[in-house]
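Participant: The structure under discussion is supplied below as structure tokens; questions concerning it will follow.
No lab work stands behind these numbers, since they all come straight from the coordinates. Quantities reported herein were computed from a predicted structural model and do not represent experimental measurements. As a convention, Cβ positions derive from the backbone with ideal geometry for all residues, glycine included, and neighbour counts pool all protein chains shown.
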């Protein structure tokens, strides 16, 4: 297989958000393993809902997005391949609707809140005179994104399986600081574009050094909470997997700092979610 074909396939997987959707499902499975003490089925209504809704939201976002960092392979790809975004918007909408019919009421309620937050991010749905989007509020933007990913990949599985959210505080807190680290990395990538648009984001306030320190602190908190969670839910394999992910995330962030391409961010930074799920499930099952 030629290099061009490999790149074309990679771009399609990354820029249609198919990989991001798989990462979301993977994180959900890692949480479900904690809940069930067993690997859940791969194909379930919950996984279908998470996969399809991620496709839907991100492809809608790419269709309406009008600007990007100065060098953006993803943005250029979208300009020439909009038909794929339309295809995945349709697939995502239909799949989400079908899977939602099989969800318990608490999950439906959570999904309505998530839907409002997700679309308010890119579309001016807020009841203000200037009709700003959530992404126009730099400080709010990153915490909304982090909260949405945290709820989708950790809270929804807890609700789906009929457990109490209060019984898994460290899993949810760990997911939040993990996703915050990844979201800060993406904000760093977009800091010049946001600055030009008059959006004051975390990197524009803290500066690059401050953001990298924040990410380091977040991953240290992640490791610390994983140790506390181990005391509540003993699984050496899970603890080892989470520790490896923390180290790998630091390496990937350092790499993306030197090589800030869309492939690096969407493939490697997002890829830490996929690595997380693989390691946690595989090592927890093996130990």
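Participant: When a/c is below 1.5 the answer is rounded, else prolate if a/b is larger than b/c, else oblate, so apply that to the chain with a ≥ b ≥ c taken from the square roots of the Cα gyration tensor eigenvalues.
Facilitator: Rounded shape, in that the Cα axes give a/c under 1.5.
Participant: Sticking with this one: Between residue 81 and residue 120, what FRET efficiency comes out of the Förster formula 1/(1 + (r/R0)^6) with R0 = 25 Å and r the beta carbon distance, rounded to 0.05?
Facilitator: 0.40
Participant: Calculate the length of the line joining the C-alpha centroid of region 142-197 to that of region 98-115, in whole Å.
Facilitator: If you average the Cα positions of each part, the centres end up 18 Å apart.
Participant: Let me ask something else about it. Between region 12-32 and region 228-265, how far is it from one alpha carbon centroid to the other, in angstrom?
Facilitator: Centre-to-centre distance over Cα atoms comes out at 16 Å.
Participant: Follow-up. With label points built 7 Å along Cα→Cβ from the Cα atoms of residue 259 and residue 243, find their separation and express it in nm.
Facilitator: Result for the modelled spin labels: 2.8 nm.
Participant: How would you order 276-282, 231-237 from highest to lowest mean count of nearby Cβ atoms within 10 Å?
Facilitator: Order by mean packing, descending: 276-282, 231-237.
Participant: Could I ask something else about it? Given R₀ = 41 Å, what would the calculated FRET efficiency be for residue 38 paired with residue 205, taking r from the Cβ atoms and rounding to 0.05?
Facilitator: Plugging the Cβ-Cβ distance into 1/(1 + (r/R0)^6) gives 0.40.
Participant: Work out, step by step, the length gained on full extension between residue 227 and residue 101: first 0.36 nm times the residue separation, then minus their alpha carbon distance; give nm to one decimal.
Facilitator: 41.6 nm
Participant: Averaged across orientations, what area in nm² does the convex hull of the alpha carbons in region 196-285 project?
Facilitator: In nm², the orientation-averaged hull projection of region 196-285 is 6.8.
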